[in-house]
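Undergrad: Sharing a structure with you now.
What follows is calculated from the coordinates using simple rules that are stated; it is not laboratory data. None of these values were measured; they are calculated from a predicted model. Note that each Cβ is placed from the backbone with ideal geometry, even for glycine, and that neighbours are counted across all protein chains shown.
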Amino acid sequence: MPERDDPGAVGRRVQQLRTERGLTRGQVAEPVCTPAYLTSLEAGQLHASDEALRHIAERLGVTYEELTGDPAPTGHPAPTGHPAPAHHLTARLAEARRVLALGETAHAAEQYTGLLAEASRDGLDDAEAGALLGLGECALDAGELAAARQYFERAERTLADAPPAARVPALRGRAVSHYLAGELRYAVHLLETALDELNRGGPHDPDALLLLHASIIGPYMDMGAHARAAQAAESALTLVPQAGDPALVARTHRSVARTLLAEGRIAEADASLAKAAELYRTLHLRTELANCHWMRGYVCAQNGELERAEEELRQALTMLAAGRAALYSSQAAVELADVLHRRGKSEEAAELLHNVLSDLSPERGALHSAAAHRLLGIIAEDAQDTDAAEEHYVRALSLLERAGAAGDLADLCRMLGDLLRRTGRIEAALDAYRTGLGHRTAPGTTTLGPAMAQPPL
């Protein structure tokens, strides 16, 4: 009797393959069938439909014939009983990406680690690079920036002989790890160099260009280079109709919202974030959706809608904490503390900030660490504790100078100067004002080199 007609044999093979890959019944069964259906199939209690078996085979990384024991179609080699390595690992990489998108970072990291070992053993460079990229993204979510950087660098080396566009995700990951560590100039250097290489070469890959333009907006904004950020946003939006990755399109809308906010176009920024959030919900990208709630909270705060801002930021914090995205959780908490302070809940805000500072450092979330100290300084000033306020401002100033965040630095120098002037230290206040004016001079031109080459759009 053919094994296809023996539900017991098929069920045992499904269970064996699923267990070997570390997958749950839900991960294998959905959305075509249910976990209960798979339980019955593995127990040999039913004859599965061809549609269900083909879906299960794809989830497990094997062919339909390998799963059912059916002979291969005429003209094709008979199955060997073992999945072809490339096909097998590609399906498992897709599953690991799905797990990471759901916010299950630790589980995804385990899957990527196993995939990396197998891909290295079998000499499959593309799969090895995919696993390294996944591990890098897991490390970013966990706030382990040094580890993330190492994974992305290894992925770049693995893809050394690939076209420039294929190396873009690894390079972008490395730039993000430097950006989150407060190394804004180097992050911009990496992204601009890659854009120059793609724009001056060819043929052009819309997804690669879009990823780079969307990623460079944040560093530009934090450096005070608002004109360049707006230029990058315009280029990104031009590329959106050609993009094939909806998650990348959603990320673009989220990044572009920052430039719209800087220009005072709050309604447009909110509309851009609404588009991103809808795409994230459709794609079940939990961490990205949390970041979207975070950004919408910021938009509401800028528009004076503090109650709604608090709701959005608390939602973001809950989702990020559930996914154990430690660094992003700390950053969202700083934004929430600002809203709480503005709503008159200064004690709760200060407690939240002190807890956050234990998770941040100059090498890990420098900009938000500076923001936490700045806000603690404001709270201390409100409480007439000028010594504590000055201490927090100076610590924030040191972090921002190291990061090269020109716009925030100039504003902080003004605040510190005002504090020093009120306490009678006029010369020290003048020094603070001069420092701020130096950072305000031609923002976006004093810290950056020539503008990057423009794409031939």
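Undergrad: Any idea how far apart S49 and E391 come out in nm if each label point goes 7 Å out from Cα toward Cβ?
TA: Here the modelled spin labels are 6.8 nm apart.
Undergrad: Have a look at V299, G11, L400 and report the one farthest towards the positive end of the charge dipole of the chain, computed about the Cα centre with Cβ charges (Lys/Arg +1, Asp/Glu -1).
TA: L400
Undergrad: Let me ask something else about it. Order of I379, I56, I426 from fewest to most other C-beta atoms within 10 Å?
TA: Details: I379 20, I56 25, I426 11.
The order, fewest Cβ neighbours first, is I426, I379, I56.
Undergrad: Sorted from largest down, give the three principal axis spans of the alpha carbons of the chain, whole angstrom values.
TA: Cα spread of the chain along its principal axes, largest to smallest: 96, 49, 39 Å.
Undergrad: How many nm separate the modelled label positions at A94 and T19, each set 7 Å beyond the Cα in the direction of the Cβ?
TA: The two pseudo-label positions are separated by 2.6 nm.
Undergrad: Roughly how many Å is it from the Cα centre of the range 247-265 to that of the range 149-225, as a whole number?
TA: That distance is 18 Å.
Undergrad: So what's the angle, to the nearest 10 degrees on a 0 to 90 scale, between helix 7-21 and the longest Cα principal axis of the chain?
TA: Roughly 30 degrees between the two axes.
Undergrad: How do M319, M223 line up, fewest other C-beta atoms within 10 Å first? Don't skip to the end; give the middle numbers.
TA: Numbers: M319 22, M223 26.
The order, fewest Cβ neighbours first, is M319, M223.
Undergrad: Based on other C-beta atoms within 10 Å, arrange E288, E347, E391 from fewest to most. Before the final figure, lay out the partial values.
TA: On the way: E288 20, E347 12, E391 15.
The fewest-first ordering by Cβ neighbours comes to E347, E391, E288.
Undergrad: Over the range 235-377, what is the relative contact order in whole percent, taking alpha-carbon pairs under 8 Å and six or more residues apart?
TA: Details: 158 pairs, mean separation 20.7, N = 143.
Here the relative contact order equals 14 percent.
Undergrad: With the cut-off at 1.5 for a/c, could you classify the range 220-303 from its C-alpha gyration tensor as rounded, prolate or oblate?
TA: Values: a/c = 1.95, a/b = 1.19, b/c = 1.64.
Oblate, because a/c is 1.5 or more while a/b does not exceed b/c.
Undergrad: Compute the length gained on full extension between N355 and L102: take 0.36 nm times their separation in residues and subtract their Cα-Cα distance, giving the result in nm to one decimal.
TA: Values: separation 253, 0.36 × 253 = 91.08 nm, distance 2.61 nm.
Extra length available between N355 and L102 comes to 88.5 nm.
Undergrad: Explain nothing, just the number: relative contact order of the chain, from Cα pairs under 8 Å at least 6 residues apart, as a whole percent.
TA: Once normalised by length, the contact order is 11 percent.
Undergrad: Going by the alpha-carbon gyration tensor, a ≥ b ≥ c the square roots of its eigenvalues, is the range 297-397 rounded (a/c under 1.5) or, if a/c is not under 1.5, prolate (a/b greater than b/c) versus oblate?
TA: Details: a/c = 2.08, a/b = 1.21, b/c = 1.72.
The shape class here is oblate.
Undergrad: Now a separate question. Classify the range 143-226: rounded, prolate or oblate, from the alpha-carbon gyration tensor (a ≥ b ≥ c, eigenvalue square roots; a/c under 1.5 rounded; otherwise prolate if a/b is larger than b/c)?
TA: Details: a/c = 2.36, a/b = 1.15, b/c = 2.06.
Verdict is oblate for the range 143-226.
Undergrad: How far apart, in nanometres, would the label points at D382 and R200 be if each is projected 7 angstrom from Cα along the Cα-to-Cβ direction?
TA: With each label point 7 Å from Cα toward Cβ, the separation is 5.1 nm.
Undergrad: Using the alpha-carbon atoms, what tilt in degrees (0 to 90, nearest 10) does helix 306-322 show relative to the longest principal axis of the chain?
TA: Once rounded, the angle reads 40 degrees.
Undergrad: May I ask for the angle, rounded to the nearest 10°, between helix 105-122 and the longest principal axis of the chain, with both axes built from Cα atoms and the value confined to 0 to 90°?
TA: So the inclination is approximately 60 degrees.
Undergrad: Right, something else. About the Cα centre of the chain, what is the dipole size in debye to 20, counting +1 per Lys and Arg Cβ and -1 per Asp and Glu Cβ, all else neutral? Numbers along the way, then the final one.
TA: Numbers: 45 positive and 64 negative charges, 100 e Å.
Roughly 480 debye for the chain.
Undergrad: Moving on to the next point. Grab the beta carbon distance between T113 and V240, set R0 = 41 Å, and tell me the FRET efficiency rounded to 0.05. Mind showing how you got there, number by number?
TA: Details: r = 34 Å, r/R0 = 0.84.
With R0 = 41 Å, the Cβ-Cβ based efficiency is 0.75.
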